[in-house]
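I have placed the structure first, in the form of structure tokens, so that the comments after it can refer back to it.
The values are calculated or read from the model by the stated rules, or taken from the named source; none is laboratory data. Predicted model only: the values in this text are computed from it and were never measured. No Cβ is skipped: glycine too gets one built from the backbone with ideal geometry, and neighbour counts run over all protein chains shown. For accessibility, only protein heavy atoms count, side chains too; no ligands or nucleic acids. Shrake-Rupley method; radii C 1.70, N 1.55, O 1.52, S 1.80 Å.
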Amino acid sequence: MVEEQVILVNENDEPIGFMNKLEAHEKALLHRAFSIFILNNKNEIMLQQRGHQKYHSPLLWTNTCCSHQRKGESNLAAGNRRLYEEMGFQTELKELFHFIYKAPFDNGLTEHELDHVMIGYFNEEPQINDYEVESWKWMGIDAVKEDMVQNPSLYTVWFKIIFEEFYHYLEAHKL
């Protein structure tokens, strides 16, 4: 199996090369990524619990979907591809903002990403990919914020960072 490559970027999101995903995480190099928040008509976020066999952060709760763009793939095309691969549905996505973060893991890997945050709306049950996703649930935005304070060990490192950015975006913009 060929290892997936990520797009290395500078701080202006300009591509500067490609590297195997694991190597980029070992070296903590800045690369392009995306994070998707799916909301329902009750303004709840669809959270996913990462699969138990994932090489980092297994069984932790995180946003609906996140991954990396492929060479030549737009942010929205990548988001739609991966949302379908992980959660088994498609919906219109809208890019909200992007930002850079760095988050080390306990296993020596580091996420250093220029993350494009997207939103979409869906009101049905996903058809999850059992390899990628252990479980899923709807949770109110304020309930997520509160639960992260009460139970931080249940959530991925990056979700805690991305959720704060998303929450502040929602406070400043009317969606």
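One table, with the values for the structure above:
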quantity	calculated
Which listed residue is in contact with a Lys or Arg (Cβ under 6 Å, 6 or more places away or on another chain), among the aliphatic types (A, V, I, L, M), at negative phi and open to solvent by less than 30 Å² (accessible area, probe 1.4 Å), from L83, L114, L109	L114
Within region 60-77, tally of residues that are surrounded by fewer than 22 Cβ atoms within 10 Å (Cβ to Cβ), touching a residue at least 12 places away in the same chain (Cβ under 8 Å) and over 22 Å from G140 (Cβ atoms)	6
Single residue of K94, K54, K42 found to be assigned to a loop (DSSP other than H, G, I, E, B), open to solvent by 30 Å² or more (accessible area, probe 1.4 Å), of a type in the set (K, R) and modelled with pLDDT of 95 or more	K42
Those residues of region 111-141 which are out of contact with any strand residue (DSSP E or B) (no Cβ under 9 Å at 6 or more places or on another chain) and modelled with pLDDT under 95, in sequence order	D130, Y131
Residue ID - most open to solvent (accessible area, probe 1.4 Å), chosen from residues in region 130-165 that are farther than 21 Å from I100 by Cβ, part of a loop (DSSP other than H, G, I, E, B) and in contact (Cβ under 8 Å) with a residue 60 or more places away in the chain	Y131
Checklist (1) open to solvent by 40 Å² or more (accessible area, probe 1.4 Å); (2) on the phi > 0 side of the Ramachandran plot applied to G88, failing item	(1)
